[in-house]
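K.L.:
Structure provided below as C-alpha cells; questions to follow.
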Amino acid sequence: MTAPITIYSILITILAYYIGRKIYAKHPSPFTTPVFFSTVTIILVLLISGLDFKDYSPGKDIITYFLGPATVALAVPLYKNRKIIVKYAMPAISGMIFGLLVTLIIAFAIAKAFSLPPFIFQGLAVKSITVPIAVEITELYGGNSNISAAFVILTGVLGTMIAPKMMDKLNITMPFARGIAYGTIAHGLGTAQAAQESEFTGAVAGAAMAIAGILISCFFPFISKFL
C-alpha cells in the first residue's frame, strides 16, 4: 500500500497548489495565496481521508527532493539579469542586513519583555530563514528544533499572505525590490510566492533567502549572548 499512498500524497499536493494558483489569479487575497490555500487544503484532505502524516511523508519527501534542482534553476534568470543585480547589490545587501538585525532585536525584546525561555527566543530569532538552516543553528546552540521549524513555517505562511498586499499599498512595484523582500522575510515560501509574479522576482527571492540564512548564521551568536 505504500506506493499508492505515496502517489496519492503527491497528487493531492500538486492539485491543491494548482487550484490555489487558479483561485488566487481570479480572487487575490491573503487567504487565497497558493501557499496558504494549499496548506489548509492538504490538511483538510488528510483529516477527511484519515491519512496519517507519517503516511503522507514519503510523497512529501519526493516533492522536497526536487526543490534542490528547482533552486539551482533560479540561477538562470539571475544570470540573465546580472547587470541589474550588480547595480543594486549594495542597497540590497544593506537593506537585508538592516531587516535581519531588526528581526533579531525584536525577537530579543519580546523574549526579555515576556521572560521567555532561551529556546523560544531562538525560534523567534531564526523565523525568517529557511528551515534547514534554522534547525542547524538551533541545534548548534542547544535549542528546540521543532519550535524553530514551527516559527519558520508560520512566518513563511504569514509572509506570503501579507507581503503582496502590503508592498502594493506601499507602491513597491520593482521586481528586484519585491524579490528581496519575499526572500528575506518569508524564505522558501516567499520565494514560491515571488515566482508567481515573475521569473526574475522568484530568482531574486531565492538569492535573498540564501544570503539571509548566511547573515543570520553570522549575527545569531552575538545577539544570543545577551540572553
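The values are calculated or read from the model by the stated rules, or taken from the named source; none is laboratory data. Source: prediction; values computed, not measured. As a convention, Cβ positions derive from the backbone with ideal geometry for all residues, glycine included, and neighbour counts pool all protein chains shown. The area values use the complete protein model at the heavy-atom level, side chains included, leaving out ligands, DNA and RNA. Shrake-Rupley method; radii C 1.70, N 1.55, O 1.52, S 1.80 Å.
K.L.:
Filter segment 12-61 down to the residues that are charged (D, E, K, R) and either closer than 30 Å to D168 by Cβ or surrounded by 17 or more Cβ atoms within 10 Å (Cβ to Cβ) (or both) and list them by number.
P.N.:
Selection gives R21, K22, K26, D55.
K.L.:
Tally up the residues in segment 123-135 that are part of a loop (DSSP other than H, G, I, E, B) and either surrounded by fewer than 20 Cβ atoms within 10 Å (Cβ to Cβ) or hydroxyl-bearing (S, T, Y) (or both), please. Break it down into steps so the answer makes sense when it comes.
P.N.:
First, the residues of segment 123-135 that are part of a loop (DSSP other than H, G, I, E, B): 126-130.
When the remaining residues are screened for being either surrounded by fewer than 20 Cβ atoms within 10 Å (Cβ to Cβ) or hydroxyl-bearing (S, T, Y) (or both), the result is 128, 130.
Of the residues in segment 123-135, 2 are part of a loop (DSSP other than H, G, I, E, B) and either surrounded by fewer than 20 Cβ atoms within 10 Å (Cβ to Cβ) or hydroxyl-bearing (S, T, Y) (or both).
K.L.:
Evaluate the following for A186: is it assigned to a helix (DSSP H, G or I), touching a residue at least 24 places away in the same chain (Cβ under 8 Å), open to solvent by less than 50 Å² (accessible area, probe 1.4 Å) and closer than 17 Å to L104 by Cα? Full working, then the answer.
P.N.:
Values: assigned to a helix (DSSP H, G or I): yes; touching a residue at least 24 places away in the same chain (Cβ under 8 Å): yes; open to solvent by less than 50 Å² (accessible area, probe 1.4 Å): yes; closer than 17 Å to L104 by Cα: yes.
In short, yes.
K.L.:
Here is a further query. Taking only pairs six or more apart or across chains, which ones have beta-carbon atoms under 8 Å, a first residue in segment 121-145 that is touching a residue at least 12 places away in the same chain (Cβ under 8 Å), and a second residue that is open to solvent by 40 Å² or more (accessible area, probe 1.4 Å) and charged (D, E, K, R)?
P.N.:
Taking only residues 6 or more apart or on different chains, the pairs are A134/K127.
K.L.:
Among the residues of segment 75-83, are any farther than 23 Å from A207 by Cα, free of Cβ contacts under 8 Å to residues at least 40 places away in the same chain and aromatic (F, W, Y)? It would help to see each step written out before you state the result.
P.N.:
Looking only at segment 75-83, we keep the residues that are farther than 23 Å from A207 by Cα, and these are none.
Checking segment 75-83: not a single residue is farther than 23 Å from A207 by Cα, free of Cβ contacts under 8 Å to residues at least 40 places away in the same chain and aromatic (F, W, Y).
K.L.:
While we're looking at this one, here's another question. From the list M209, M161, M174, exactly one residue is buried (at least 19 other Cβ atoms within 10 Å of the Cβ), out of contact with any Phe, Trp or Tyr (no Cβ under 8 Å at 6 or more places or on another chain) and among the aliphatic types (A, V, I, L, M). Which is it?
P.N.:
Working: M161 fails: out of contact with any Phe, Trp or Tyr (no Cβ under 8 Å at 6 or more places or on another chain); M174 fails: buried (at least 19 other Cβ atoms within 10 Å of the Cβ).
The unique qualifying residue is M209.
K.L.:
Still on this structure, please answer the following. Of the numbered conditions (1) at pLDDT 85 or above; (2) within 21 Å of I216 (Cα to Cα); (3) crowded, with 21+ Cβ neighbours inside 10 Å, T138 satisfies every one except a single condition; which is it?
P.N.:
Here T138 meets the rest and fails (1).
K.L.:
Which residues, taken from segment 190-205, are within 12 Å of the chain's Cα centre (by Cα), modelled with pLDDT of 85 or more and open to solvent by 10 Å² or more (accessible area, probe 1.4 Å)?
P.N.:
T191 - this is the single residue of segment 190-205 that is within 12 Å of the chain's Cα centre (by Cα), modelled with pLDDT of 85 or more and open to solvent by 10 Å² or more (accessible area, probe 1.4 Å).
K.L.:
Specify which of the listed residues (A208, A203, A212, A194) is in a helix (DSSP H, G or I), small (G, A, S) and without any contact (Cβ under 8 Å) to a residue 60 or more places away in the chain.
P.N.:
Values: A208 fails: without any contact (Cβ under 8 Å) to a residue 60 or more places away in the chain; A203 fails: without any contact (Cβ under 8 Å) to a residue 60 or more places away in the chain; A212 fails: without any contact (Cβ under 8 Å) to a residue 60 or more places away in the chain.
Exactly one of A208, A203, A212, A194 is in a helix (DSSP H, G or I), small (G, A, S) and without any contact (Cβ under 8 Å) to a residue 60 or more places away in the chain, namely A194.
K.L.:
Does M167 satisfy the condition of being more than 24 Å from G123 (Cα to Cα), free of Cβ contacts under 8 Å to residues at least 40 places away in the same chain and open to solvent by less than 50 Å² (accessible area, probe 1.4 Å)? Let's see the steps before the verdict.
P.N.:
Numbers: more than 24 Å from G123 (Cα to Cα): yes; free of Cβ contacts under 8 Å to residues at least 40 places away in the same chain: yes; open to solvent by less than 50 Å² (accessible area, probe 1.4 Å): yes.
So M167 passes the test.
K.L.:
Examine segment 105-122 for a residue that is aliphatic (A, V, I, L, M), closer than 23 Å to A207 by Cα and open to solvent by 30 Å² or more (accessible area, probe 1.4 Å), and state whether such a residue exists.
P.N.:
Start the filter on segment 105-122 by keeping residues that are aliphatic (A, V, I, L, M), which leaves 105-107, 109-111, 113, 116, 120.
Going one step further and asking which of them are closer than 23 Å to A207 by Cα, we end up with none.
No, there is no match, as no residue in segment 105-122 is aliphatic (A, V, I, L, M), closer than 23 Å to A207 by Cα and open to solvent by 30 Å² or more (accessible area, probe 1.4 Å).
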